[in-house]
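To start, the structure itself, in structure tokens.
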Amino acid sequence: MEDNKMVLCGANAYEKKYYFNETFKAIPDSIKDELHIICVLFTEEVGGIFTIAFEEDGTVVMETNADEDDIYYDEVSSGLLVAEIRRQRQEMFESLSLYYRVVILHEDMAELLKEE
């Protein structure tokens, strides 16, 4: 956990590696696979480092950055792609947020469902 965020997963185009936080190993394999695909395809298309994390309140955030000397990284394209992923996978991210709030923050599921 850094900057009050807990990383769920991420990919690094420089090292050609994918990371999944084992704290979330109970997430269904189909969701893990989808997260893996999202992260790897993002770094293949845009480059740099891409992470999906949780804010303290359970909000899902996607972050991307690159080395200063990376001339291939396109910051504009990365922002557009993040927006597209968020739009296309909104339901999955809402479910992940709910999962985080119940499993990690130990909030009451019944109360959370009343909010919606």
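The values are calculated or read from the model by the stated rules, or taken from the named source; none is laboratory data. Just so you know, these numbers come straight off a predicted model, no measurement behind them. Positions of Cβ are generated from backbone atoms using ideal geometry, with glycine treated the same way; all protein chains shown enter the neighbour counts. SASA here: full protein model, heavy atoms, side chains in, ligands and nucleic acids out. Shrake-Rupley method; radii C 1.70, N 1.55, O 1.52, S 1.80 Å.
Would you be able to tell me the number of residues in segment 1-26 that are touching a residue at least 12 places away in the same chain (Cβ under 8 Å), in a strand (DSSP E or B) and not β-branched (V, I, T)?
10
Which of the residues that make up segment 84-108 are open to solvent by 60 Å² or more (accessible area, probe 1.4 Å) and within 15 Å of the chain's Cα centre (by Cα)?
E84, R86, R87, Q88, R89, Q90, E91, E94, S95 - these are the residues of segment 84-108 that are open to solvent by 60 Å² or more (accessible area, probe 1.4 Å) and within 15 Å of the chain's Cα centre (by Cα).
Residues of segment 27-61 being assigned to a loop (DSSP other than H, G, I, E, B) and open to solvent by 80 Å² or more (accessible area, probe 1.4 Å), which ones?
Across segment 27-61, the qualifying residues are E56, D57.
Hey, does segment 94-101 have a residue that's charged (D, E, K, R), closer than 23 Å to N12 by Cβ and either in a helix (DSSP H, G or I) or at pLDDT below 95 (or both)?
Within segment 94-101, none of the residues are charged (D, E, K, R), closer than 23 Å to N12 by Cβ and either in a helix (DSSP H, G or I) or at pLDDT below 95 (or both).
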